[in-house]
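Every number here is computed from the coordinates shown, using simple stated rules; none is lab data. In this text, all values refer to a predicted model and were calculated from it rather than measured experimentally. All Cβ positions, even for glycine, are placed from backbone atoms using ideal geometry, and neighbour counts span all protein chains on display.
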Amino acid sequence: MSLCEFYGWDKQVKTSLKKIKAGDIFCFALDKHKYGVGRIMVPNSLGHVAEIFDCLVDSPVIDCKAFSRLGDPVILDSYSLFDRKAEGDWRIVAHQNDYQPSDDETVRFVYGVADNVKLVDIFDNETPFSGEGSEYPLYSPMGDEEVRKHFRL
C-alpha cells in the first residue's frame, strides 16, 4: 500500500454511504483490544465489495504496509455497518489513493433460481450460469456477525 491518507478511529464514527469509496481502509472491533482490517474494493448494487485482511491489530491504527487477503472478497452491508451503525463497530480509518481493483478478479457470486441462475462479478457484471459444478458464494450482503462467522474471527 502506498499514498495513504490516515483518518484515525475517532475522526468519524459514521460514514455516509455515498462517501464510501474504493481504496477506503477500515477497521472493525472484534473485542475491546482486537480489530480486524479490510479495504473497500468497489461499490455494487447491494453495498460494497471488500477484502478482509489476514491480520488482527491491537489498536485501530493502520500503517501503509501490504496486507495479505484472508479468503475471497465479500459484499458488505455498508449501509448498516458504516452509515447507520446498526451492528458492530466498523470505521473507515484511512484511504489508499492509488488503489484500483484488478480487472482479473476471479471472485463470482451467484443468485437466482431454477433455470434463471446468474453469476455476478465484483463489478456487477452478470453472466448466465447452469448452476452445476462449482460452489459460489451467494450474491448477498454481509453484516458484522456474518463476516465474523465467514472468516472465523
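Annotations
- Bridging of LYS149 to lysines at a Cα separation below 23 Å is possible for LYS32, LYS34, LYS85, once same-chain residues fewer than 8 apart are set aside.
- The length gained by stretching the chain between ASP83 and VAL113 to full extension, at 0.36 nm per residue less their Cα-Cα distance, is 7.7 nm.
- All C-alpha pair distances within region 47-118, sorted into 10 Å bins from zero, spread as 13, 41, 34, 10, 3 percent across the bins.
- For region 9-18, 3J(HN,Hα) per residue [Karplus equation, 6.51 cos²θ - 1.76 cosθ + 1.60, θ = phi - 60°, Hz, x = Gly/Pro]: 5, 8, 4, 9, 6, 10, 10, 4, 3, 6
- Cα-Cα separations in region 4-151 greater than 26 Å, expressed as whole percent: 24 percent
- Stretch gain in nm, segment THR106-LYS19, where the contour uses 0.36 nm per residue and the Cα spacing is subtracted: 28.7 nm
- Residue-averaged [θ]222 nm for the chain, counting only DSSP H segments that reach four residues, each worth -39500 (n - 2.57): -1500 deg cm²/dmol
- Full extension of the segment from ASP10 to ASN125, taken as 0.36 nm per residue of separation minus the current Cα-Cα distance, would add 37.8 nm.
- Trypsin sites (Lys or Arg not before Pro) restricted to DSSP loop in region 46-122 with at most 12 other C-beta within 10 Å: LYS65, ARG84
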